[in-house]
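Working notes, beginning with the structure itself.
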Amino acid sequence: ESRSEIEEATRDYSSVNSRLPYPETKLWEQRELCDCITFTLRQVSIKGFNGKDGEMEFPRHLITKGAKLERLEIWCNHDWSSEGGKATLGLLSLPRSSIDVSILLKPPPNLLVVLEDGSQP
């Protein structure tokens, strides 16, 4: 039941985003709280994440409103930008509704890590 409510809310987002009376990045902030997110949802996996403004709102909503959330996995897309990466890392510093939530950020497989001194691990 909770999965279908989330799918319906996400589907609604894509069909009405051009008719919203507020910027589409405020969708999750403006919506009434969904009982499934507040009281039921325990695990979420988001795949193909880029860290763009419109994408940031949903995980932000889950982190700040999901009182029962235990695990949030975010799998970043191959075209993940450094700006998107910084924004995504900002999710880790949000106040969490659930004290038990683990937030796992999975970088894209082609991400090359370079340390401050220019070396690679």
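The values are calculated or read from the model by the stated rules, or taken from the named source; none is laboratory data. Note that the coordinates shown come from a computational prediction; the quantities given were computed from them, not determined experimentally. For neighbour counting, all protein chains shown are included, and Cβ atoms are generated from backbone atoms with ideal geometry for every residue, glycine included. Heavy atoms of the whole protein, side chains included, go into the accessibility calculation; ligands, DNA and RNA do not. Shrake-Rupley method; radii C 1.70, N 1.55, O 1.52, S 1.80 Å.
With a Förster radius of 22 Å, plug the Cβ-Cβ distance of Ser93 and Ile46 into 1/(1 + (r/R0)^6) and report the FRET value to the nearest 0.05. Working from the Cβ atoms, E equals 0.75. Projected label points at Arg60 and Ser81, each 7 Å from Cα along the beta carbon direction, are separated by 1.7 nanometres. Put simply, the amide H of Lys106, placed in the peptide plane, has neighbours under 5 Å in Ile74, Trp75, Cys76, leaving out anything fewer than 5 places away on its chain. Legend: calculated FRET efficiency, Lys106 to Phe39, from the Cβ-Cβ distance at R0 = 22 Å, rounded to 0.05, equals 0.25. Of the residues Ile46, Ile99, Ile63, the one with the largest accessible area comes first in the ranking Ile99, Ile46, Ile63, computed with a 1.4 Å probe on protein heavy atoms.
Of Thr38, Thr64, Thr88, the residue with the largest accessible area leads and the full order is Thr64, Thr38, Thr88 (1.4 Å probe).
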